[in-house]
Amino acid sequence: MKRLLRLLLLLSLVVFPTVAPSQSQPRPQPKTDQKKEVTVYVTRTGKKYHVDGCRYLRQSRIPVALKDAKAQGYTPCAVCRPPR
């Protein structure tokens, strides 16, 4: 039984090798100087803006930049909680 467990452990180390943290490559940091334009969605008749997948976007879904939606007087949806 012990031999079988040792064999399974050795086999798992061969199949799933671990990498020490010092050997792993660092993740690239996102550039902060690039500002992404956030897209939200509005409806034809509503006064709120939403994130993709909100239940209130079933009938119509018009993509708009967040800054444009705010400038046009839209307010955030309380259900899907889009970025402010």
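The values are calculated or read from the model by the stated rules, or taken from the named source; none is laboratory data. This is a predicted model, so every value here is computed, not measured. Because the Cβ atoms are built from the backbone with ideal geometry, glycine has one as well, and the counts that use them run over all protein chains shown.
Pick out the one residue from 29, 25, 34, 59 that is at pLDDT 65 or above and in a loop (DSSP other than H, G, I, E, B).
59
Pairs only if they're at least six apart or on different chains, beta carbon under 7 angstrom, first in the stretch 62-84 and among the basic types (Lys, Arg), second outside any loop (DSSP other than H, G, I, E, B); list them, first residue then second.
84/76
Please verify whether the stretch 37-56 includes one or more residues that are modelled with pLDDT of 90 or more and part of a helix (DSSP H, G or I).
Among the residues of the stretch 37-56, at least one is modelled with pLDDT of 90 or more and part of a helix (DSSP H, G or I), which makes the answer yes.
Given the condition at pLDDT 95 or above and surrounded by fewer than 10 Cβ atoms within 10 Å (Cβ to Cβ), answer yes or no: does some residue in the stretch 63-77 qualify?
Yes, the stretch 63-77 contains at least one residue that is at pLDDT 95 or above and surrounded by fewer than 10 Cβ atoms within 10 Å (Cβ to Cβ).
Hey, can you tell me all the residues within the stretch 45-69 that are of a type in the set (D, E, K, R) and touching a strand residue (DSSP E or B) at 6+ places or on another chain (Cβ under 8 Å)?
Of the stretch 45-69, the ones of a type in the set (D, E, K, R) are 47-48, 52, 55, 58, 61, 67-68.
Answer for the stretch 45-69, where residues must be of a type in the set (D, E, K, R) and touching a strand residue (DSSP E or B) at 6+ places or on another chain (Cβ under 8 Å): 47, 48, 52, 61.
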